[in-house]
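Below is one structure, written out as structure tokens; comments come after it.
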Amino acid sequence: MTATRTTTDLRALAEPFELPNGFVIPNRLVKAALSEGLGRKDFSPGSRIDNLYRRWADSGVGLSVTGNVMVDRHQTGEPGNVVVEDRRDLDDLERWAATAKAGGSKVWVQINHPGRQIPRTVGTHPVAPSAIALPGSAKLFATPRALSRGEVKDIIRRFATTAEIVVEAGFDGVQIHGAHGYLISQFLSPLSNRRTDDWGGTPEKRHRFVLEIVRAMRERVGAEVPVGIKLNSADFQKGGFSEDESIEVVHKLAEEGIDLLEISGGTYATSAMLGVDPSLKESTRKREAYFMAYAERVRATLPELPLMLTGGFRTADGMVDALESGAIDLVGLGRPLCVDPDFPAEVLAGRTDESVVVPHRTGLRLLDNLTEITYYSVQLWRMGNGKEPAPDRHPALNVGQYLLHNGLESLRPKRA
């Protein structure tokens, strides 16, 4: 498409951004975390992840966030997850970091624990704050076992250990995955956390888990290494983690010195982050930034907290308008980089102004979620195999490839 923005107009996207700790991100475009599913069977990163990040290295983003690095090899969310629980794969991690940073962007590692969101084909002994099964999962997920107090503390230690190791390997920072229904989200939500001990029963106790992870990480990596978090604006479930409570958690995170808040929303039962959930108004989709109203609330009460918004950005106009509104500091891009890895660079050069991404909707929520996930996952796997994305490929072929890659029962929404 012929560009409509001038170089002057695009300056808002090209400007560097400095975090409060002095860390500088070269421009305002960020590759948001995407669960690659390209790790080896022994949970180490390998050549396919290197191929993918080599393709993204010159994408034009100022910051790239990896997807879903897990803290426990016995608790992974999907086939192909990378796990970092010790230094056995340090050489591979160093190579991955160097490859991803070769084009000049900064690179952070997203660190996660799936909690109850483990398909039966991946693991049959999930753990969670409480023994409550994932709703609406068609028995694809086993009912989790409630974590003991000692296990909760061990997971906090694991998050900190993973952060320390990836920074040692050469990654520039870390992001805690606190969204999309994974373990931290499970602790935050009163629907999934029914504990009555020090880790649940009141909002303050439900919030403790994520705050202790931030403290443990900071102790290991120091003040100069950025520690960010991806957090739900809400989980869009009745009686769940509300927007008001999310704002309360953000204030506590700010007190702990979190360096960057990435705003997202939803769970895999209500995939607001995918843009196919009917709870999203059409006006919100057209505005592109799905969670802008929440960002504006955060900015009004915490003006100094750096904010990144991910979900829905497709045009240069939408990105520039969001930045110039003052509500956010960084634009997160996910699916556009799956189908066009050069999209950010093309936007910054004024050669394009719109992504080819179009949500695939049939009106059936589960089918819509699966179609979206398989479509973009297959693009990542193509790049991991040294091929270019194939955005015009028929969805049925993508579903077939997904089934071959992961197995029938692992078909589920998969977004970091």
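Remarks
- Those residues of the stretch 67-78 which are over 19 Å from Pro144 (Cα atoms) and modelled with pLDDT under 95, in sequence order: Gly67, Asn68
- Note on the stretch 146-178: residues that are out of contact with any strand residue (DSSP E or B) (no Cβ under 8 Å at 6 or more places or on another chain) and either in contact (Cβ under 8 Å) with a residue 60 or more places away in the chain or among the polar types (S, T, N, Q) (or both) amount to 10.
- Test: Val84 is modelled with pLDDT of 95 or more and buried (at least 19 other Cβ atoms within 10 Å of the Cβ): yes
- Meets criteria (small (Gly, Ala, Ser), free of Cβ contacts under 8 Å to residues at least 24 places away in the same chain and assigned to a loop (DSSP other than H, G, I, E, B)) for Gly239: no
- The single condition from (1) modelled with pLDDT under 95; (2) surrounded by fewer than 24 Cβ atoms within 10 Å (Cβ to Cβ) that Arg149 fails is (1).
- The set of residues from the stretch 226-246 being under 19 Å from the mean Cα position of the chain (by Cα) and either within 16 Å of Pro306 (Cβ to Cβ) or open to solvent by less than 50 Å² (accessible area, probe 1.4 Å) (or both) comprises Pro226, Val227, Gly228, Ile229, Lys230, Leu231, Asn232, Ser233, Ala234, Asp235, Phe241, Ser246.
- Residues in the stretch 345-361 that are open to solvent by 10 Å² or more (accessible area, probe 1.4 Å), part of a helix (DSSP H, G or I) and among the aliphatic types (A, V, I, L, M): Ala345, Leu348.
- For the stretch 308-317, taking the residues that are buried (at least 20 other Cβ atoms within 10 Å of the Cβ) and not basic (Lys, Arg), the one that is farthest from Ala179 (Cα to Cα) is identified as Ala316.
- The set of residues in the stretch 373-411 that are modelled with pLDDT under 85, acidic (Asp, Glu) and within 22 Å of Ser59 (Cα to Cα) contains only Asp392.
- Among the residues of the stretch 182-212, those identified as over 23 Å from Met70 (Cβ atoms) and in contact with an Asp or Glu (Cβ under 7 Å, 6 or more places away or on another chain) are Pro203, Lys205.
- Every condition in (1) touching a strand residue (DSSP E or B) at 6+ places or on another chain (Cβ under 9 Å); (2) more than 23 Å from Asp244 (Cβ to Cβ); (3) open to solvent by 10 Å² or more (accessible area, probe 1.4 Å) holds for Leu302 except the one numbered (2).
- Residue count for the stretch 307-344, restricted to those that are in a loop (DSSP other than H, G, I, E, B) and aromatic (Phe, Trp, Tyr): 1.
The values are calculated or read from the model by the stated rules, or taken from the named source; none is laboratory data. From a predicted model like this one, the values you see are computed outputs, not experimental measurements. Using ideal geometry, Cβ is built from the backbone for each residue, glycine included, and neighbour counts are taken over all protein chains shown. Just the protein is used for accessible areas: all its heavy atoms, side chains included, with ligands, DNA and RNA removed. Shrake-Rupley method; radii C 1.70, N 1.55, O 1.52, S 1.80 Å.
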